[in-house]
Every structure is written in C-alpha cells, then in structure tokens.
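Worksheet: the structure to be examined is printed underneath.
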Amino acid sequence: MQKKENTICFSGHRSEKLPQSKKQLEKLKERLWEEIDKAIADGVNTFYFGACYGFDLLCADTVLKRKKVIKPNDPKEIRLIAVIPFEEQAKKWDEINRDKYYDILESSSWQ
C-alpha cells in the first residue's frame, strides 16, 4: 500500500534579495519553521525545493532540521526532494553556498 503524497514546493529569491540583517534573517527562519511545522501537522509529507542558493536552500535546510525533531506522540515521515535544473548549476557559486548545496543534496532525493 502506497501512502498518498501531500506536497509543498519551495522556490524563491537568491541570497542577495533575502533579509541582510541577522535579526531579520533569524525572523524569516523562525517563520519558515512555523509554516513547515504547520504544513506537516496538516498532512504534508513531501517537500520539493528548486535547489538554488538563497531561499530554496534555506527552506531545504529548515525541512531537514525539522525532520530531526521527532514527536513521540505524533511521528511523521517527511521527504525532501531536490528539483535540480541542470547537473552543474552550483559550479560557479561561492564556496559557502556550494558546500551547503551538496550537504543538503546528500540528505535529500533528487529529480
């Protein structure tokens, strides 16, 4: 028996257009955590992300962190799937974004 997939897709701005102050970025991360947690509570079990630096990686990182939070009274199976536009997309990215990209890909499925 295959479980029904309820999905959300993430795609957004590059890092340059995200909040630049640490306080604003932390607020965005908190809000993202809340929304992902709410989506999981509403039955979302699969998250797709556009696999680009900036908002996409921020969302993917948050989903992976949320996967590590186990609620014993309500365990959830959560999948993260990277939708990679082309194989060498991270080739020209800066080292920090490129490292984060490959770390996240190791913990997700690819399409």
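When the chain is treated as a GNM with alpha-carbon contacts under 10 Å, the residue of VAL83, VAL44, VAL69 showing the greatest mean-square fluctuation is VAL69. Modelled this way, with points 7 Å down the Cα-to-C-beta line, the labels at LYS65 and ILE96 are 1.5 nm from one another. Across the chain, C-alpha contacts under 8 Å between residues 6 or more apart give a mean separation that, scaled by the residue count, equals a relative contact order of 29 percent. Assuming charge only on the beta carbon of Lys and Arg (+1) and of Asp and Glu (-1), the dipole of the chain about its Cα centre is about 280 debye to the nearest 20. From the P(r) of the chain, could you give the percentage of C-alpha pairs in the tail past 23 Å? Result for the distance tail: 28 percent. The trypsin sites (Lys or Arg not before Pro) found in segment 29-87 that occupy coil by DSSP, while having at most 13 further C-beta atoms within 10 Å, are LYS68.
Out of all DSSP beta bridges in segment 7-111, what portion is antiparallel? Express it as a percent rounded to 5. Antiparallel bridges make up about 0 percent of those DSSP assigns within segment 7-111. Multiplying the residue separation of ASP103 and LEU28 by 0.36 nm and removing their Cα-Cα distance gives an extension gain of 24.9 nm.
FYI, it's all coordinate maths here, none of it is from the lab. Quick caveat: nothing in here was measured; it's all calculated off a predicted structure. Ideal geometry is used to build each Cβ from the backbone, glycine not excepted, and the neighbour counts take in all protein chains shown.
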